[in-house]
Amino acid sequence: MVDQYQNLESSLIGLGLLMVRMLLAFSFMPFFSTKVVPLTVRLSFVAGLSLFLFPLLQSQLPLFEADWHILFPCLLKEAGLGMVLGVFASLSFWAFHTAGVIIEYQAGLTMSVAIDPLSGEEDSLIGGLFMQLLTVFFFISGGMRQLVDMLFESYVIWPINKMLPIVGNLKLITMLMAAIMQMIVLVVKIAAPFVILMLLVELALGLLSRFAPQLNVFFLSLPLKVGILAVLLLIYSSLLSDGMQLLPNFHELNKTLEGVLR
């Protein structure tokens, strides 16, 4: 009876530790945030995924006893690794949202806000639109399956009972900075055409106001910018595949992190 209780305790501890990494990783994804998905649904989803990996931990479960001197470092490591995986996986989403905010600012639509149906809060019109379009593209292109595959593979590369140098790891910081630079390049790639066109429109309106001062340039600028924005949005729909350039390489992300986290 005592052995059965100890086995049950070890199994529950192992399952709990198994859920930490995936829960933190999914929490960074916009479609899986706190405001979008209730906590009970998120826990149920992560617990369901964890049960698929539970047989792989049978050899590690005897190592987990109710000793916080062992559990606490493992818990911190799992949380840190989940945050690292989640940050790298969500960069493209934030890149598109940031580009949408910049485009909206250049179009003069900052006074207009919309209620984001995902979060229930006020959000940028264009930024929220880009975020939702990329989310739809992420699911229909198999990005969710690849994300789950990456998380499953991470347990093979970094077992729960293996400690990793996450805090103060210069290689990890360098890799994160490189990924942020890629995100900035993606933001510039998306927003630059519209910013340049808006600059040309402003110059044209400035010349028009000088040669025809009787015209209300401010009244003309807003519909003109909105019209250009509508045309460019149709063109930007073909750039969603560029937004996925960080998402399909989840397997490569694990391999790269494996060389950093040893």
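Quick notes on this one:
- The length gained by stretching the chain between GLU202 and SER44 to full extension, at 0.36 nm per residue less their Cα-Cα distance, is 51.6 nm.
- The label point for VAL148 and the one for VAL87, both projected 7 Å from the Cα toward the Cβ, are 2.7 nm apart.
- Each of LYS162 and LEU176 was given a label point 7 Å from its Cα along the Cα-to-Cβ line. The distance between the two points is 2.1 nm.
- Taking label points 7 Å from Cα along the Cα-to-Cβ direction, LEU220 and LEU76 give a separation of 6.4 nm.
- Listed residue (LEU147, MET183, LEU234) projecting farthest to the positive dipole end of segment 126-240, Cβ model: MET183
Any read-out appearing in this document is the output of simple, stated calculations on the displayed coordinates, not a laboratory observation. Keep in mind that what you see is a predicted model, and the values were worked out from it rather than measured. Using ideal geometry, Cβ is built from the backbone for each residue, glycine included, and neighbour counts are taken over all protein chains shown.
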